Amino acid sequence: MTTPLKGRWKLLKKIGQGGFGEIYAVYDLETQQKVAAKMEKIDKKKRSVKLEIAVLRKIQKSRFSAKFICCGRNQVYNYFVMELLGPDLSTLRKKQPQKRFSLATTLKLGIQSNFALRIQNETNEIKKGSKADCCIIDFGLARKYIDSEGQILPPREKAGFRGTARYASLNSHNRKELSRRDDLWSLFYVFIEFLEGSLPWTTLKEKEEITEAKKMYTNVDLCRNLPKEFTSFFRHINSLKYQDKPNYKYLRRLLKDLYMQRGFGENINYDWEETEYQSTSMKQQPSRKTYDSAIAFTGITNDRSINSTQKKRISTELQKQEIRKMSNIFFHDQQKDECNNQNNEESDFSYRKVYRKRENEEEKSKNSKSEVNEFEKMMKMINAEENTETSSTVIIDKKTICCTIL
Ligand SMILES: Nc1ncnc2c1ncn2[C@@H]1O[C@H](COP(=O)(O)OP(=O)(O)OP(=O)(O)O)[C@@H](O)[C@H]1O
């Protein structure tokens with residue numbers, strides 16, 4: 001791959017890899033500027049580059065699309081050259097403390113609703129105060145949903161799975177035809193991930209498991225730590241049928257109003273542009289981890305293999321960490337670590353699966369009464385000792401808990 005594409009675009013280094021293609025930073029020998037090229041092997045069974053080119057060309061007028069430069073084919077690749085954008089939001093989020101964005105950043109991005117940054121400076125690096133548009137990339141799975149007369153195309157009986165398992169809507173998991181509502185489901189999941197640092201199914205690998213997890217989480221579960229506007233967002237998209245046009249105005253208004261209500265103003269920086277604001281705003285947002293951990297904590301109380309001295313030690317630790325301030329308790333369990341090692345990703349929810357399973361087993365064994373008593377006893381003990389607030393009674397597999405306070 002040393003020969004420049006069309007004798008003009010020299011491949012520098014690989015900057016992205018997706019299921020469909022490889023993205024390279026490319027040097028334009030003519031303009032002496034850096035651009036990007038998406039390369040898809042010709043022998044690839046599933047092709048998407050041609051479709052992407054068609055979509056990208058169609059939306060060139062939008063300020064939020066990467067500028068299309070040219071397309072071509074050589075012996076190995078179908079490719080297209082486009083504007084080089086900055087880092088994608090997922091990369092930026094992972095660099096943030098606790099791998100989450102503040103509400104201000106999430107809303108600011110949500111109001112734009114796009115996915116990779118255009119950094120307007122010469123070096124294409126993020127610097128404080130740099131102005132960034134957020135552009136949509138990757139149209140490999142785009143599909144026409146209206147005919148030439150503007151009528152919604154009838155849904156196919158059975159469609160294939162489309163998307164990235166983590167963000168795909170349940171309709172996609174259920175092999176239903178996708179429509180406008182499904183993009184909003186993905187956007188909704190992205191919001192949760194931005195704000196919480198992970199989704200309940202982040203560490204699950206199998207599509208089927210992810211499907212089950214998505215079915216299991218109600219809006220209350222997903223939005224419990226978030227402003228009520230996200231529940232309204234959820235309710236609206238949940239009400240949409242295949243052919244419905246989402247009320248984009250209403251959804252945007254929800255985000256905008258919340259943004260204004262919180263006094264964020266027009267000139268507030270994104271999290272990656274400034275650290276000061278973000279660190280204070282983070283403190284005010286209880287994380288998903290805190291909720292899950294509180295649940296995990298109650299699991300310990302049912303665990304007869306943890307003796308009262310150990311339980312006392314745990315509660316003293318908790319006190320030390322002053323986590324009561326947020327009535328949240330952090331736990332780190334071994335299972336979670338294992339998942340982290342595999343994935344190097346957040347795994348706040350990995351153990352949910354474990355205790356859900358355990359919960360079912362426990363239900364079956366109809367042993368819950370004595371466990372509740374056990375739990376209550378434990379809670380009384382801890383409350384008496386340190387006045388700790390607790391919240392829930394979900395059961396967790398005892399083997400997965402180690403009592404490291406984060
Ligand atoms: N124009 C660009 N400038 C800079 N980076 C880019 C650009 N386009 C894509 N990337 C990077 O490359 C990654 C992969 O690109 P893209 O999502 O288009 O590939 P894909 O093969 O279609 O992936 P997927 O399997 O997610 O559909 C992106 O997440 C992004 O980080």
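The values are calculated or read from the model by the stated rules, or taken from the named source; none is laboratory data. What you see is a predicted model, and the numbers here were worked out from it, not measured in a lab. For neighbour counting, all protein chains shown are included, and Cβ atoms are generated from backbone atoms with ideal geometry for every residue, glycine included.
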Within the stretch 60-101, count every residue that is of a type in the set (A, V, I, L, M, F, W, C) and part of a loop (DSSP other than H, G, I, E, B). 6
Checked the stretch 17-54 for anything within 11 Å of Phe139 (Cβ to Cβ) and either in contact with a Ser or Thr (Cβ under 9 Å, 6 or more places away or on another chain) or among the charged types (D, E, K, R) (or both); matches are Phe20, Lys38, Lys50, Glu52
Candidate set from the stretch 59-111 (those that are closer than 21 Å to Phe139 by Cβ and among the charged types (D, E, K, R)); member that is nearest to the chain's Cα centre (by Cα): Asp88
Looking only at the stretch 268-285, decide whether some residue is small (Gly, Ala, Ser) and at pLDDT 90 or above. no
Note on the stretch 62-105: residues under 28 Å from Ile268 (Cβ atoms), of a type in the set (Lys, Arg) and more than 14 Å from the ligand (Cβ to nearest atom) are Arg63, Lys99, Arg100
Restricting to the stretch 11-50, name every residue that is of a type in the set (Ser, Thr, Tyr), more than 11 Å from the ligand (Cβ to nearest atom) and either in a strand (DSSP E or B) or surrounded by 15 or more Cβ atoms within 10 Å (Cβ to Cβ) (or both). Tyr27
Tell me, yes or no, whether the stretch 152-172 has at least one residue that is under 24 Å from Leu89 (Cα atoms), in contact (Cβ under 8 Å) with a residue 60 or more places away in the chain and assigned to a helix (DSSP H, G or I). no
First in the stretch 82-99 and over 18 Å from Glu22 (Cβ atoms), second anywhere and part of a loop (DSSP other than H, G, I, E, B) and among the basic types (Lys, Arg), Cβ under 9 Å, 6 or more apart: Arg93/Arg100
